[in-house]
Amino acid sequence: QVQLVNSGGGLVQPGGSLRLSCAASGRTFSTYAVGWFRQAPGKEREFVAAISWSGDITNYADSVKGRVTISRDIGSHTVYLQMNSLEPEDTAVYYCAAGRTVVIRPTEYEYWGQGTQVTVSS
């Protein structure tokens, strides 16, 4: 069993940065890949980025490539999503999720955090 807690969201101006955190508990977490997804009002949940259990494989959505970096600290059981050059279109609730492999389909992930709101507005 894995429990995930999201944090780090907030209100930021266009062009600003945020770092989201996904803190995990459960002794098997280090064997899971982790993905970040987001969901804006009225839209479906969409893939943002993912990282393998070892950290050596990453994948990014085209919409965030070059602006977002996913990383993980195995020792602290935490995965981070560093977001730079934020745009109003990035406004959404962001969720982390744990799954067996680095994939973009949310249905492939077994455990989910509660989400954290990111609002990009002037």
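Below 12 angstrom from the Cβ of residue 49, what's the summed charge of the other residues (Lys, Arg +1; Asp, Glu -1)? Please list the in-between numbers first.
Details: positive: 38, 65, 67, 72; negative: 46, 62.
My count for the surroundings of residue 49 gives +2.
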ask   = Near residue 78, within a Cβ-to-Cβ distance under 14 Å, what is the net charge of the other residues, with Lys and Arg +1 and Asp and Glu -1?
value = +1
query = Of the heavy-atom accessible surface of the chain (probe 1.4 angstrom), what whole percent is carbon and sulfur?
reply = 48 percent
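So what's the net charge close to residue 33: Lys and Arg +1, Asp and Glu -1, counting the other residues with Cβ under 10 Å from its Cβ?
Net charge in that neighbourhood comes out at +1.
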ask   = Going by the alpha-carbon gyration tensor, a ≥ b ≥ c the square roots of its eigenvalues, is the stretch 1-56 rounded (a/c under 1.5) or, if a/c is not under 1.5, prolate (a/b greater than b/c) versus oblate?
value = prolate
message = From the phi angles alone, apply the Karplus equation (6.51, -1.76, 1.60; θ = phi - 60°) to the stretch 59-72 and give each ³J(HN,Hα) in whole Hz, x where the residue is Gly or Pro.
response = 8, 10, 5, 4, 5, 10, 4, x, 10, 10, 10, 9, 8, 9
note = Full extension between residue 107 and residue 28 adds, at 0.36 nm per residue less the Cα distance, a length in nm of 26.5 nm
query = In nm, to one decimal, how far is the modelled label at residue 85 from the one at residue 13, with both set 7 Å along Cα→Cβ?
reply = 1.9 nm
key: Accessible area, probe 1.4 Å, largest first, for residues 56, 90, 73   = 56, 73, 90
ask   = Measuring from centroid to centroid over Cα atoms, what is the spacing of the stretch 81-95 and the stretch 1-71 in Å?
value = 10 Å
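The values are calculated or read from the model by the stated rules, or taken from the named source; none is laboratory data. Quantities reported herein were computed from a predicted structural model and do not represent experimental measurements. Quick reminder, even Gly has a Cβ in these numbers, built from the backbone with ideal geometry, and neighbours come from all protein chains shown. Note: areas computed on protein heavy atoms with side chains; ligands, DNA, RNA excluded. Shrake-Rupley method; radii C 1.70, N 1.55, O 1.52, S 1.80 Å.
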